[in-house]
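K.L.:
Questions regarding the structure given below will be posed in turn.
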Amino acid sequence: MTLETILFLFLAGVLGGALNSVAGGGSFIAFPALLFTGVPPIPANATNTIALWTAAAASGGAYRKQLDVPRRVMIPLLAASLIGGLIGALLLLKTPAQTFMRVLPWLTLGATLLFAFGKKLAGGRQSVLEHDHETSTAALAGTTLFQLCVAVYGGYFGGGMGIVMLAMLAVLGMTNIHAMNALKSVLGFVINGIAVVTFIVARAVYWKHGIVMIIGGIVGGYLGAHYALKISPVWIRMFVVLVGAGMTVYFFWKSY
């Protein structure tokens with residue numbers, strides 16, 4: 001790789017890691033950057049997953065004080081994330097590159113719309129994640145099933161997964177964006193973690209590109225999470241919706 005390519009991928013990793021730590025959507029930056037440097041679609045997605053997985057670990061450390069979810073809620077969500085992430089990663093490896101690129105813009109469109117209107121869909125109900133004693137078995141089962149679907153999506157694509165999870169948490173009634181980011185970081189780490197193992201075993205990773213983005217993702221993930229705690233949640237939400245809308249338009253233009 002040339003020096004220009006290395007710098008380009010490093011900066012894309014920093015921006016992607018920072019964006020993921022704020023509200024998700026880091027793949028909207030990192031994935032196109034890998035495509036631009038000549039990595040084929042499926043390996044680009046696999047490499048992107050590994051790079052931003054490390055960023056999730058860094059941002060999760062910065063958000064650790066914000067995480068306060070009951071164990072009886074956390075364990076089912078973690079299990080669903082693990083199983084769904086594996087299923088999604090295996091599906092990706094079986095998908096033709098051309099098919100993947102045709103599906104991609106619809107995935108990002110759905111994720112952006114869900115995040116933008118998730119709070120309205122919540123209807124002001126109390127969160128099953130923030131009120132342990134009021135959490136019914138049915139509500140917990142529904143939440144776990146929802147997270148399983150999100151995890152399959154995350155293992156398959158990854159781009160916008162953070163937006164989808166934040167939207168899910170908003171629909172479930174969570175209102176604290178920083179607490180939502182903390183839980184999203186942990187669940188995202190599990191989903192991408194099992195996907196990373198799957199991609200490595202399948203030898204679907206471009207390591208030269210990936211290592212550069214890993215370093216950038218770690219830097220961006222930690223710094224982004226640290227400074228996001230000082231930013232108004234309203235601005236964070238607006239920024240994520242704008243990024244999601246912009247990359248949806250880009251992927252439609254690229255694919256159709």
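Every read-out reported here was derived from the displayed coordinates using simple, explicitly stated rules and does not represent laboratory data. All values reported here derive from a predicted model rather than from experimental measurement. Counting neighbours? That spans all protein chains shown, and the Cβs are built from the backbone with ideal geometry, glycine included.
K.L.:
Kindly rank 13-19, 69-75, 203-209 from highest to lowest mean number of other beta carbons found within 10 Å of each residue. Walk me through the intermediate numbers first.
P.N.:
Working: 13-19: 27.0, 69-75: 14.4, 203-209: 17.1.
For the peptides 13-19, 69-75, 203-209, the packing ranking is 13-19, 203-209, 69-75.
K.L.:
Under a crude label model (7 Å from the Cα following the beta-carbon direction), how far is Arg203 from Leu145 in nanometres?
P.N.:
Label at Arg203, label at Leu145, 4.1 nm between them.
K.L.:
Hey, another quick one. With the Cα gyration tensor of the stretch 149-256 in hand, give its eigenvalues times 5 under a square root as the equivalent ellipsoid semi-axes, listed largest first in whole angstrom.
P.N.:
24, 18, 16
K.L.:
Next up: Given the Cα-Cα distance of Ala138 and Trp235 and 0.36 nm per residue of separation, how much length would full extension add, in nm?
P.N.:
31.5 nm
K.L.:
Now a separate question. By the scheme Lys and Arg +1, Asp and Glu -1, what is the net charge of all other residues having a beta-carbon under 13 Å from that of Pro43?
P.N.:
After counting each charged neighbour, the total is +2.
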